Amino acid sequence: MSDDHTHVQEFFSARAADWDSRFPDDGPAYAAAVAELGLRMGDRVLDAGCGTGRALPSLRAAVGPSGVVVGADLTPAMLEAAVRAGRHRDGQLLLADVAALPLRPRSLDAVFGAGLISHLPRPAENLRELARVVRPGGVLALFHPIGRAALAARQGRQITPEDLRAEPNLRPLLSGSGWRMTSYADEDARFLALAVRED
């Protein structure tokens, strides 16, 4: 396992037990972002880097009982917290690295990634892996329940021009990874970039 993976696991393992209680009001923002994916009954969707599974109930509601919901995360403690919260009932939990998913090519209709992009060790390569498992025309949502400026302020830092989530950086990154950005919103209340899997 690379140092990048070890760092991510250590960071989230230390925070898993109280993660949900630290952000108790994010539920409506997750539901609104999932709604913008445009999922239909019976669709197959991955929550990449699902953490404690906060998106899983909304994803399950969107695809219905005939759909498939998978939550993949690298950190066992986060998946254990998802089980304690009962979210394993809304989707299959998978201990997996989003950089090497044990999923068939073009097997999904959509990917939801909350807070994901800043934790990808090799963003272009990792986004290509997400594109691999999504059918052409499928959708990717990169989401955060607060915008870039609000998150930076919370962490006591400034936004830098190198921020991957800045539109001038994210659009070409997605384009070079098999995705075409279709919408971008960076507001205090949320960050949401949507992209379509190209042929």
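The values are calculated or read from the model by the stated rules, or taken from the named source; none is laboratory data. Here the structure is a predicted model, which is why all the values come from computation and not from measurement. Here the Cβ is made from the backbone with ideal geometry for all residues, glycine too, and neighbour counts use every protein chain on show. We work out accessible area using only protein heavy atoms, side chains counted, and drop any ligands, DNA or RNA first. Shrake-Rupley method; radii C 1.70, N 1.55, O 1.52, S 1.80 Å.
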Give the number of residues within segment 113-128 that are under 21 Å from R54 (Cα atoms) and in a helix (DSSP H, G or I).
3
Residue hits (segment 41-79; closer than 12 Å to V111 by Cα, open to solvent by less than 30 Å² (accessible area, probe 1.4 Å) and either in a loop (DSSP other than H, G, I, E, B) or of a type outside the set (A, V, I, L, M) (or both)) are D43, D47, G49, C50, A55, G71
Within segment 159-185, can you find the residues that are open to solvent by less than 70 Å² (accessible area, probe 1.4 Å), modelled with pLDDT under 95 and not aliphatic (A, V, I, L, M)?
T160, D163, R165
Taking segment 129-152, which residues are open to solvent by 10 Å² or more (accessible area, probe 1.4 Å) and either free of Cβ contacts under 8 Å to residues at least 12 places away in the same chain or not in a strand (DSSP E or B) (or both)?
E129, R132, P145, I146, R148, A149, A150, L151
